[in-house]
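Novice: Take this structure, written in structure tokens, and hold onto it; I'll ask about it next.
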Amino acid sequence: MTLRSPVTRMTLRADTPHSLTDGEARWPVVDGIPYLRAGSEALAAEAVAALDEDAADEATALLLAENDPWWDEAPPPHDVLLSAVREKDRLSLREVMDRLGWGRVGTYFAHRWSDPTFLAGLTLLEAHWRAPESAFELACGIGHYLRALSRAGVSSVSGADVVFGKLWVCRHWVCPEADLLCFDADAAWPATPAADLMLCADAFYFLREKAAIAERLREGAGALYAVPHVHNAGAENHSAGAAARLDELRALFPGAAIYDDAGLTEAGAAGKPVRAEMGDAPDAFSLIGGPALGASALPCPLLRPEDGTPLRRNPLLTDQGVAWPSPRYEEEYGPLATYGRPGVPNTAAMTEGVAPFVRTRELLDLPERW
């Protein structure tokens with residue numbers, strides 16, 4: 001993939017193993033992740049300077065301090081971020097997110113594998129599965145979907161996010177095999193991604209340049225594009241972003257199939273066919289379109305991992321019921337949660353007998369260092 005400067009639009013080339021240049025400015029590459037975030041040229045230069053001095057840990061910690069425009073908390077002290085970098089091989093996913101100061105976002109990421117919204121997205125893909133060979137996810141976060149797609153047999157997975165720290169966590173804890181790129185989707189794109197499946201999950205409502213981004217998702221899709229969980233502007237929700245209306249989504253994604261997100265969650269948990277019925281004011285929409293749109297006739301491994309896959313009981317489940325990580329989390333996800341039955345084993349191997357527990361998100365295929 002050809003990369004261009006988000007500032008000058010000139011082609012970038014590697015001038016060292018840790019940096020790219022267009023002949024005027026230099027951009028850092030840390031752990032194989034090019035950092036090309038428009039508006040952060042000063043930070044990029046500082047990181048490159050540290051890399052030039054063979055201080056890769058310092059450069060990484062500098063980039064980890066930056067978050068997205070919606071985040072409203074100060075970053076942790078530099079020495080705390082530096083400790084996260086230097087101790088990454090022994091920290092769990094939850095521990096490193098705590099070091100990075102992610103708070104409620106860290107809680108969301110830690111338990112996203114069982115969120116009803118994540119189940120809805122997997123169900124959407126399952127219903128229209130075309131066994132893609134490649135997938136690209138915009139605003140991929142720490143790589144939940146990238147990991148699921150990779151483990152479902154997608155041979156090439158790639159993702160982009162505006163927050164370097166999320167990609168760094170993806171690299172070391174969630175989906176090491178993914179190709180990753182840091183840039184701001186609302187600014188000039190340093191690349192033109194294309195894949196069999198183009199994805200933007202639980203993030204489209206955060207993006208300002210919706211029309212231009214929708215066009216890129218549509219045009220880059222060799223088979224399908226999917227935009228799961230877009231908050232509805234006509235309903236009360238917990239979104240910090242800019243929710244969208246149904247008519248707006250229909251105009252941005254002509255011909256797409258649009259579902260009530262909650263209906264997808266229900267169908268996924270029950271293993272039933274999805275239906276395009278829409279309530280009066282859904283909390284969120286999910287949509288899918290592209291040249292290969294249609295009901296799937298192919299087996300989909302997203303909600304049916306390979307036999308023998310090690311599974312763990314949903315960490316939110318105890319012998320007494322659900323232990324919510326916070327009142328906010330319970331308020332947002334509790335009403336649609338599909339888990340909670342007593343007697344779920346602590347560990348299991350994937351078999352037909354436990355498959356229903358996977359669909360209800362009571363047994364999960366979590367990263368090894370969760």
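Novice: On the basis of being assigned to a helix (DSSP H, G or I), in contact with a Phe, Trp or Tyr (Cβ under 9 Å, 6 or more places away or on another chain) and either hydrophobic (A, V, I, L, M, F, W, C) or farther than 20 Å from residue 160 by Cβ (or both), does residue 51 make the cut?
Specialist: Considered against the rule, which asks whether it is assigned to a helix (DSSP H, G or I), in contact with a Phe, Trp or Tyr (Cβ under 9 Å, 6 or more places away or on another chain) and either hydrophobic (A, V, I, L, M, F, W, C) or farther than 20 Å from residue 160 by Cβ (or both), residue 51 comes out as no.
Novice: For residue 30, are the conditions met, namely being crowded, with 23+ Cβ neighbours inside 10 Å and of a type in the set (Val, Ile, Thr)?
Specialist: Against the criterion (crowded, with 23+ Cβ neighbours inside 10 Å and of a type in the set (Val, Ile, Thr)), residue 30 qualifies.
Novice: Please count how many residues of segment 77-101 are without any contact (Cβ under 8 Å) to a residue 60 or more places away in the chain and either under 30 Å from residue 230 (Cβ atoms) or part of a helix (DSSP H, G or I) (or both).
Specialist: 13
Novice: Give the residues of segment 102-126 that are β-branched (Val, Ile, Thr), open to solvent by 10 Å² or more (accessible area, probe 1.4 Å) and over 18 Å from residue 327 (Cβ atoms), sorted by residue number.
Specialist: The one that is β-branched (Val, Ile, Thr), open to solvent by 10 Å² or more (accessible area, probe 1.4 Å) and over 18 Å from residue 327 (Cβ atoms): 117.
Novice: Output the residues belonging to segment 127-146 that are surrounded by fewer than 24 Cβ atoms within 10 Å (Cβ to Cβ) and either under 23 Å from residue 205 (Cα atoms) or aliphatic (A, V, I, L, M) (or both).
Specialist: 127, 128, 131, 139, 141, 144
Novice: Moving to a separate point now. Hey, can you tell me all the residues within segment 269-290 that are under 22 Å from residue 198 (Cα atoms), outside any strand (DSSP E or B) and touching a residue at least 24 places away in the same chain (Cβ under 8 Å)?
Specialist: 274, 290
Novice: Looking at (1) assigned to a helix (DSSP H, G or I); (2) in contact (Cβ under 8 Å) with a residue 24 or more places away in the chain, which is the only condition residue 39 fails?
Specialist: Failing condition for residue 39: (1).
Novice: Let me ask something additional. Residues that are without any contact (Cβ under 8 Å) to a residue 12 or more places away in the chain and in contact with a Pro (Cβ under 9 Å, 6 or more places away or on another chain): list the strands (runs of 3 or more DSSP E) wholly contained in segment 179-265 that include at least 3 such residues.
Specialist: Output list is empty.
The values are calculated or read from the model by the stated rules, or taken from the named source; none is laboratory data. As the structure is a computational prediction, the values presented were derived from the model and not from experiment. Here Cβ is always computed from backbone atoms with ideal geometry, including for glycine, and neighbour counts include all displayed protein chains. When the accessible area is computed, the model is the full protein with side chains, heavy atoms only, and any ligands, DNA or RNA have been set aside. Shrake-Rupley method; radii C 1.70, N 1.55, O 1.52, S 1.80 Å.
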